[in-house]
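Read-outs: derived from the displayed coordinates by stated rules, not from any lab. The structure displayed is predicted, hence computed values, not measured ones.
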């Protein structure tokens with residue numbers, strides 16, 4: 001399960017990856033990324049997709065690494 005949160009009037013974006021059944025024997029520990037959205041935009045307001053996707057890829061790797069350690 002993937003969820004994202006960007007509270008109103010906040011620049012703090014949170015992306016979470018968790019098992020849809022946390023009680024399952026195969027469930028991984030949830031992983032979370034919280035970061036200011038300003039880290040992914042230029043001063044002109046243009047999204048630098050590569051920076052965003054690098055952070056998402058690291059989060060996915062963290063989730064997958066937990067699976068390997070089970």
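Rg/Rh for the chain (Cα atoms only, Rh after Kirkwood) is 1.06.
Using Cα pairs closer than 8 Å and at least 6 residues apart in sequence, work out the relative contact order for the chain, in percent. Each step should come with its number before you reach the end.
Values: 86 pairs, mean separation 18.6, N = 70.
Normalised by residue count, the contact order of the chain is 27 percent.
Taking the C-alpha atoms only, the angle from helix 49-68 to the longest principal axis of the chain is near 10 degrees.
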